[in-house]
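Engineer: Sharing a structure with you now.
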Amino acid sequence: MPVHQATLTLNPRGAGTHEFTEAVAREVARSGFRHGIVNVFCQHTSCSLVIMENADPSARRDLEAWLDRLVPEDDPHFEHTLEGPDDMPSHIKMALTRTSETIPFAAGRLGLGTWQGLFLWEHRRAPHTRRIVVTVIGE
Amino acid sequence: MPVHQATLTLNPRGAGTHEFTEAVAREVARSGFRHGIVNVFCQHTSCSLVIMENADPSARRDLEAWLDRLVPEDDPHFEHTLEGPDDMPSHIKMALTRTSETIPFAAGRLGLGTWQGLFLWEHRRAPHTRRIVVTVIGE
Amino acid sequence: MPVHQATLTLNPRGAGTHEFTEAVAREVARSGFRHGIVNVFCQHTSCSLVIMENADPSARRDLEAWLDRLVPEDDPHFEHTLEGPDDMPSHIKMALTRTSETIPFAAGRLGLGTWQGLFLWEHRRAPHTRRIVVTVIGE
């Protein structure tokens, strides 16, 4: 069947990037398709997705810290502050990164580069349950 | 494999985010497909797309104002200024957000999260007619 | 369901945006499909993709210079510096732009707007060979 769809439930422990490449590779394998694309869609506006280097963790720490400095919590211009000081920065960080990623696969294997991993980027500090829809389309 | 395609014409009234979620949901319904993905593509380089919270308008106002502060119009480094002071900032804001979004659907319904809406983000002040190509792929 | 897939190898000469729209249009033509989408995926984390104006080169120069100012190399906060001063800024610039673009086509022709071109955005100064996976899905 030409479309395989599943919803992943992730429970990231605090703000930062959390890899879930393997869960997506598993859905590609389950689809039984050989070639095609997999769309990974984040159903939230205070977390996002990014494909980033998954070798040296210092690269992700630097990326996360840089974005924290670009979008500080204490911005006196913010009007939308009822949900806490990290809410509005979370929406901005989401808009600057990605809500979905679409990744190719070939011979049943995810077509990421050698150093690429797929990450949920949690922007809130408090624990949240996050839903990611994975749609595999291929033949 | 079944493809349904349509072009939407939007006429946003001035700079800012303009929701058009319903127009995309309508094309998914028209396709008659039950499961799949819909690609929404913006054919311009001075406006963009974003999926953002559509509940409290203050969240979008803060997001828009933050990006205006990040990319001010009076940057003396700009060389490309012939089309007006808001032209080069528009291209930069576009590059930092999204030209396309790909969204899943299931049982004929758009798979956005509870608080997500799809927005055209107009970065120019003068009225522009904007073309958005919607492609539904599924079964 | 029909899928056409190819890997492009690009050798950008130095940092900056390098157009490769024609190479993607060629794969759409090779697929033989009339309508659908083409996913263009960059297998690296220190370069990225962007769809930008391809008429006046000064617009791209301003965009590139603006991002260089936003993410300077001499940031004393960076910890991940072993691969050179332009490595960590490259990852950040990648995360702020796009790893993949998904573009519609109709009647066998790429559905870009009049002024849009597809660019590989090389963020490293040293020459790198870059692999881009192109997946055409349609009918």
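The values are calculated or read from the model by the stated rules, or taken from the named source; none is laboratory data. Computed from a predicted model, the values in this text were never measured in an experiment. Neighbour counts run over all protein chains shown; Cβ positions are idealised from the backbone, glycine included. Heavy atoms of the whole protein, side chains included, go into the accessibility calculation; ligands, DNA and RNA do not. Shrake-Rupley method; radii C 1.70, N 1.55, O 1.52, S 1.80 Å.
Engineer: Quick check: is even one residue across segment B:63-83 among the polar types (S, T, N, Q) and under 23 Å from A:Ser48 (Cβ atoms)? I'd like the intermediate steps shown before the answer.
Structural biologist: The first filter runs over segment B:63-83 and keeps only residues among the polar types (S, T, N, Q), leaving B:81.
Now drop any that are not under 23 Å from A:Ser48 (Cβ atoms), which leaves none.
No, segment B:63-83 contains no residue that is among the polar types (S, T, N, Q) and under 23 Å from A:Ser48 (Cβ atoms).
Matching residues to (1) at pLDDT below 95; (2) of a type in the set (D, E, K, R); (3) under 22 Å from B:Leu8 (Cα atoms); (4) in contact with a Ser or Thr (Cβ under 7 Å, 6 or more places away or on another chain):
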residue	(1), (2), (3), (4)
B:Pro85	no, no, no, no
B:Ser90	no, no, yes, yes
B:Phe105	no, no, yes, no
B:Arg109	no, yes, yes, no
B:Gly113	no, no, no, no
B:Gln116	no, no, yes, yes
B:His128	no, no, yes, no
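Engineer: If you check B:Glu83 against the conditions, is it part of a loop (DSSP other than H, G, I, E, B) and not aromatic (Phe, Trp, Tyr)?
Structural biologist: yes
Engineer: Being touching a residue at least 60 places away in the same chain (Cβ under 8 Å) and over 25 Å from B:Ile51 (Cα atoms): is that true of A:Val40 here?
Structural biologist: No; evaluated as a whole, the condition is false for this residue.
Engineer: Okay, moving on. Out of C:Asp74, C:Asp56, C:Asp68, which single residue is more than 13 Å from chain B (Cβ to nearest Cβ), open to solvent by 50 Å² or more (accessible area, probe 1.4 Å), without any contact (Cβ under 8 Å) to a residue 24 or more places away in the chain and among the charged types (D, E, K, R)?
Structural biologist: On the way: C:Asp56 fails: more than 13 Å from chain B (Cβ to nearest Cβ); C:Asp68 fails: more than 13 Å from chain B (Cβ to nearest Cβ).
Exactly one of C:Asp74, C:Asp56, C:Asp68 is more than 13 Å from chain B (Cβ to nearest Cβ), open to solvent by 50 Å² or more (accessible area, probe 1.4 Å), without any contact (Cβ under 8 Å) to a residue 24 or more places away in the chain and among the charged types (D, E, K, R), namely C:Asp74.
Engineer: If you go through segment C:17-46, how many residues are within 19 Å of B:Thr99 (Cβ to Cβ), open to solvent by less than 40 Å² (accessible area, probe 1.4 Å) and not in a helix (DSSP H, G or I)?
Structural biologist: So the count comes out to 9.
Engineer: Same structure again: Please give the number of the condition C:Met88 fails out of (1) within 13 Å of chain A (Cβ to nearest Cβ); (2) open to solvent by 60 Å² or more (accessible area, probe 1.4 Å).
Structural biologist: (2)
Engineer: With respect to the numbered conditions (1) hydrophobic (A, V, I, L, M, F, W, C); (2) surrounded by 22 or more Cβ atoms within 10 Å (Cβ to Cβ); (3) more than 9 Å from every other protein chain (Cβ to nearest Cβ), which one is the sole condition not fulfilled by B:Val134?
Structural biologist: Of (1) hydrophobic (A, V, I, L, M, F, W, C); (2) surrounded by 22 or more Cβ atoms within 10 Å (Cβ to Cβ); (3) more than 9 Å from every other protein chain (Cβ to nearest Cβ), only one is false for B:Val134: (3).
Engineer: Output the residues belonging to segment A:1-16 that are in a loop (DSSP other than H, G, I, E, B) and either away from chain B (no Cβ under 12 Å) or without any contact (Cβ under 8 Å) to a residue 24 or more places away in the chain (or both).
Structural biologist: Answer for segment A:1-16, where residues must be in a loop (DSSP other than H, G, I, E, B) and either away from chain B (no Cβ under 12 Å) or without any contact (Cβ under 8 Å) to a residue 24 or more places away in the chain (or both): A:Met1, A:Asn11, A:Pro12, A:Arg13, A:Gly14, A:Ala15.
Engineer: In this structure, is B:Trp121 open to solvent by 40 Å² or more (accessible area, probe 1.4 Å), at pLDDT 95 or above and away from chain C (no Cβ under 14 Å)?
Structural biologist: Details: open to solvent by 40 Å² or more (accessible area, probe 1.4 Å): no; at pLDDT 95 or above: yes; away from chain C (no Cβ under 14 Å): yes.
The answer is no for B:Trp121.
Engineer: What do you reckon, is A:Ile132 assigned to a strand (DSSP E or B) and over 30 Å from A:Gly84 (Cα atoms)?
Structural biologist: Details: assigned to a strand (DSSP E or B): yes; over 30 Å from A:Gly84 (Cα atoms): no.
Here the answer is no, as A:Ile132 does not meet what is asked.
Engineer: Hey, can you tell me all the residues within segment C:94-114 that are free of Cβ contacts under 8 Å to residues at least 12 places away in the same chain, at the interface with another protein chain (Cβ under 7 Å from one of its Cβ atoms) and open to solvent by 20 Å² or more (accessible area, probe 1.4 Å)?
Structural biologist: none
Engineer: A further question follows. Among (1) free of Cβ contacts under 8 Å to residues at least 24 places away in the same chain; (2) among the aliphatic types (A, V, I, L, M); (3) more than 9 Å from chain B (Cβ to nearest Cβ); (4) surrounded by 16 or more Cβ atoms within 10 Å (Cβ to Cβ), which single condition is C:Leu82 missing?
Structural biologist: It is condition (4) that C:Leu82 fails.
Engineer: Before we move on, is A:Leu49 more than 7 Å from chain C (Cβ to nearest Cβ) and without any contact (Cβ under 8 Å) to a residue 12 or more places away in the chain?
Structural biologist: So A:Leu49 does not fit the description; no.
Engineer: Kindly provide the set of residues from segment A:26-59 that are touching a helix residue (DSSP H, G or I) at 6+ places or on another chain (Cβ under 6 Å) and either among the basic types (Lys, Arg) or on the phi > 0 side of the Ramachandran plot (or both), ordered by number.
Structural biologist: None - no residue of segment A:26-59 is touching a helix residue (DSSP H, G or I) at 6+ places or on another chain (Cβ under 6 Å) and either among the basic types (Lys, Arg) or on the phi > 0 side of the Ramachandran plot (or both), so the list stays empty.
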